[in-house]
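Visitor: Pasting in a structure now, in structure tokens, and then I'll have a few things to ask.
We did not get these values from a lab; they are worked out from the coordinates using the rules stated. Given the structure is predicted, the values throughout are model-derived calculations rather than measurements. All Cβ positions, even for glycine, are placed from backbone atoms using ideal geometry, and neighbour counts span all protein chains on display.
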Amino acid sequence: MSVENSSVIDFISTKDNIVTLTVSDHLEWDAENHLELLQSKLNAYLDVLDNQSIYELYPDSVGKELAIQVAFKYKPDKEGEKFLNSVSEIFKTLPYNFSYYTL
């Protein structure tokens, strides 16, 4: 489970009536294709939410708020911050929450 495998949801958790799909990102920011891998993973998670297959994968999510978060091993660099700011802006137009943090 990691940002490198977009066909797997790394973690699903529920807290305070919010179901959160978490991306586990262990890559350093100078890793080749890091942003492309992260974008692909986020798009895959969005597909799971948009096509509502989340309800089949995790039936407890029915009727709850949905969110995506990214757990980074390394603090985002300037390019990573710029990307994450763009992603945050896009999520403002979607019915899902988005967040990220560094371990």
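Visitor: Please tell me if F98 is surrounded by 14 or more Cβ atoms within 10 Å (Cβ to Cβ), touching a helix residue (DSSP H, G or I) at 6+ places or on another chain (Cβ under 9 Å) and assigned to a strand (DSSP E or B).
Guide: Yes.
Visitor: Which of the residues spanning region 37-90 are of a type in the set (K, R) and either at positive phi or part of a loop (DSSP other than H, G, I, E, B) (or both)?
Guide: Scanning region 37-90 gives K64, K73, K75.
Visitor: I've got another one for you. Could you list all residues from region 7-32 that are under 21 Å from L94 (Cα atoms) and crowded, with 16+ Cβ neighbours inside 10 Å?
Guide: I9, V19, T20, L21, T22, V23
Visitor: Among L35, L103, L57, L42, which is the only one that is hydrophobic (A, V, I, L, M, F, W, C), touching a residue at least 12 places away in the same chain (Cβ under 8 Å) and crowded, with 17+ Cβ neighbours inside 10 Å?
Guide: L42
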